[in-house]
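> Before we start, here is the structure in question, set down as structure tokens.
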Amino acid sequence: MGDLAADSELTASGDGTFTRLLHRDWEIWGPNGGYMATLALRAAGLHCGRARPANITVHFLGVANFDEPVTIVPTTSRASKVATSLSVRIEQAGRPVLQAIVWAVDEGLGGLHHSYGEAPDVSPWSDLPTFEERFAAEGVENDNRYRFWDNFDQRPTDWISDWANRGNLDPVYENWLRFNSEPGHNDAWLEASRLLVLVDLGGWPAASRTHVQEEYIAPTIDVSCEFHLLPPQSGWYLLRGVSPFAGDGLVASHQQVWDDRGHLLASGISHLLCRPLR
């Protein structure tokens, strides 16, 4: 079980760059994209010193390994009195892995305020059984192959007992998730990183609901996340992912994250590249 705060801590190299040996608890088809994007986001925060991120857009350029450290290189593109635009590059052994663009802002800027769009009408997390309880009730073991999923408590809003014969369902994924590690932090950049991980993971579970065949994987090639509210303490998050289109080897997805009081915390989109499963 991973701890996002500890597993994304960066070591300053003294020349404005950072290094990090990737943690295997975030493995799924290689290092999870949201985890990799978290390293870029936290480096941006350390570099600019602003109160919080406004958004991040990430292009995934290659798959890193867990055996060699990565180098994270943040640079300032433009800084105003209240906001900074940054570019962040992640490399491993001289090979590009990730490129990100981040806007960071100061707190207390004021301005317009509204929140439009209610959370899905689903049961609260407290009324739903966990994954483990669902499997136990059916007398089967959770055969999850990826350590990444051990980082969360999950309470899905619906349950498909016979996943292999599920039929063609709507490409909509709704799940309550909570990070297993204790937050214990009051860090807007870290809280944003948790939301970024959730936004990144919502695409494939949504798309895979409508396709019974299992011949493909779909790594993320880009993700963009807008951070709306950054509460100081983590808890249960409601993630809704929708895949409105798949074709020509691409899978589109839109994600939103709410807290358990119905506050919209983050919105995002991502593109997945469909590849045959070897």
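The values are calculated or read from the model by the stated rules, or taken from the named source; none is laboratory data. Keep in mind the model is a prediction, meaning the values are calculated, not measured. Don't worry about glycine lacking a Cβ; one is built from the backbone with ideal geometry, like all the others, and counts go over all protein chains shown.
> Residue by residue through region 9-30, note down the ones that are under 19 Å from Leu61 (Cβ atoms), buried (at least 16 other Cβ atoms within 10 Å of the Cβ) and either at pLDDT 95 or above or basic (Lys, Arg) (or both).
Thr17, Phe18, Arg20, Leu22, Trp26
> Which members of region 240-252 meet the condition of being within 25 Å of Asp158 (Cβ to Cβ) and over 13 Å from the mean Cα position of the chain (by Cα)?
Residues satisfying the conditions are Val242, Ser243, Pro244, Phe245, Ala246, Val251, Ala252.
> Let me confirm something: among Ala64, Ala54, Ala93, which residue is in contact with a helix residue (DSSP H, G or I) (Cβ under 8 Å, 6 or more places away or on another chain) and over 17 Å from Leu4 (Cα atoms)?
Going through Ala64, Ala54, Ala93 in turn, just one is in contact with a helix residue (DSSP H, G or I) (Cβ under 8 Å, 6 or more places away or on another chain) and over 17 Å from Leu4 (Cα atoms): Ala64.
> On to the next question. Identify the residue in region 247-267 that is out of contact with any Leu (no Cβ under 8 Å at 6 or more places or on another chain) and touching a residue at least 60 places away in the same chain (Cβ under 8 Å) and, among all such residues, is surrounded by the most Cβ atoms within 10 Å (Cβ to Cβ).
Filtering region 247-267 for residues that are out of contact with any Leu (no Cβ under 8 Å at 6 or more places or on another chain) and touching a residue at least 60 places away in the same chain (Cβ under 8 Å), the one surrounded by the most Cβ atoms within 10 Å (Cβ to Cβ) comes out as Ser267.
> Out of Thr84, Thr38, report the one residue that is polar (S, T, N, Q) and more than 21 Å from the chain's Cα centre (by Cα).
Only one candidate passes the filter, namely Thr84.
> Which fully enclosed helices (runs of 4 or more DSSP H) of region 95-208 have 1 or more residues being at pLDDT 90 or above, within 15 Å of the chain's Cα centre (by Cα) and buried (at least 19 other Cβ atoms within 10 Å of the Cβ)?
Output list reads 188-201, 203-208.
> With the structure loaded, tell me whether Pro244 is at negative phi and either assigned to a loop (DSSP other than H, G, I, E, B) or acidic (Asp, Glu) (or both) or whether it fails that test.
Spelling it out, it is not the case that Pro244 is at negative phi and either assigned to a loop (DSSP other than H, G, I, E, B) or acidic (Asp, Glu) (or both).
> Next up: Which members of region 209-228 meet the condition of being part of a loop (DSSP other than H, G, I, E, B) and over 24 Å from Phe179 (Cβ atoms)?
Thr210, His211, Val212, Gln213, Glu214, Glu215
> Hey, another quick one. For region 251-266, check the following and say yes or no: at least one residue is modelled with pLDDT of 95 or more and not in a strand (DSSP E or B).
No, because not a single residue in region 251-266 is modelled with pLDDT of 95 or more and not in a strand (DSSP E or B).
> Kindly check whether there is at least one residue in region 58-74 that is modelled with pLDDT of 95 or more and exposed (fewer than 12 other Cβ atoms within 10 Å of the Cβ).
Yes, region 58-74 contains at least one residue that is modelled with pLDDT of 95 or more and exposed (fewer than 12 other Cβ atoms within 10 Å of the Cβ).
> Go through region 1-86 and tell me which strands (runs of 3 or more DSSP E), entirely inside it, have 2 or more residues that are closer than 25 Å to Asp106 by Cα.
52-60, 70-79
> Could you grab me the full set of residues in region 8-23 that are under 17 Å from the mean Cα position of the chain (by Cα), of a type outside the set (Ser, Thr, Tyr) and closer than 18 Å to Val73 by Cα?
Correct list: Glu9, Leu22.
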